[in-house]
Amino acid sequence: MGIHEITITDREFHQLSAFIKSNYGINLKEKKRTLVISRLYNILQENNFQSFSEYFDYVRSDKTGKALSILINKITTNHTFFLREPEHFDYFRNTVLPCLKKSVASRDIGIWSAGCSTGEEPYTLAMIIDEFFSDK
């Protein structure tokens, strides 16, 4: 079975994405359909699953939790590094920080960094903030 032969029906995609969202808070929007297919393709092929429904039934029935762990690892971005997504940090440096400089008198800024497995992203934010406010 080739990659072009595997498709995910609307029902299968909505079922999988609803399960992921309700249990893990990950919102797989419609535009992520191709990503889901490409990241799960090898699992379906290696285990001879004929459909995403068959695979999803397998994941839900696996009492060990291993299949679910593999599913979550496949659909999430599992890499972290300094300045990942540089356009986001450019926006933070060039747009957000100048606005905060004008509006935060106490210089006490709290930032939440979601999805950072080993901390490079919040450390990048800290370095950018330090650099931006270094002369103050």
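Quick rundown of the values:
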read-out: Where Asp108 falls short, out of the listed (1) under 23 Å from Thr76 (Cβ atoms); (2) exposed (fewer than 13 other Cβ atoms within 10 Å of the Cβ); value: (1)
read-out: Residue in region 7-40 that is nearest to Lys74 (Cα to Cα), counting only those that are free of Cβ contacts under 8 Å to residues at least 40 places away in the same chain and among the aliphatic types (A, V, I, L, M); value: Leu40
read-out: Unmet criterion (only one of (1) in contact (Cβ under 8 Å) with a residue 40 or more places away in the chain; (2) outside any helix (DSSP H, G or I)) for Ile109; value: (1)
read-out: Of all residues making up region 42-58, the number that are surrounded by fewer than 16 Cβ atoms within 10 Å (Cβ to Cβ) and either closer than 18 Å to Asp10 by Cα or within 18 Å of the chain's Cα centre (by Cα) (or both); value: 5
read-out: Tabulated pairs, region 115-134, first without any contact (Cβ under 8 Å) to a residue 24 or more places away in the chain, second surrounded by fewer than 17 Cβ atoms within 10 Å (Cβ to Cβ) and in a loop (DSSP other than H, G, I, E, B), C-beta under 6 angstrom, 6+ apart or interchain; value: Pro122/Ser113; Pro122/Cys116
read-out: Residue among Phe81, Phe49 that alone is under 26 Å from Glu121 (Cβ atoms), of a type outside the set (D, E, K, R) and free of Cβ contacts under 8 Å to residues at least 60 places away in the same chain; value: Phe81
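Here, each number is a calculation from the coordinates, and none is a lab measurement. All of these numbers come straight from a predicted model, not from anything done at the bench. Heads up, the Cβs are rebuilt from the backbone with ideal geometry, glycines too, and the neighbour counts pull from every protein chain shown.
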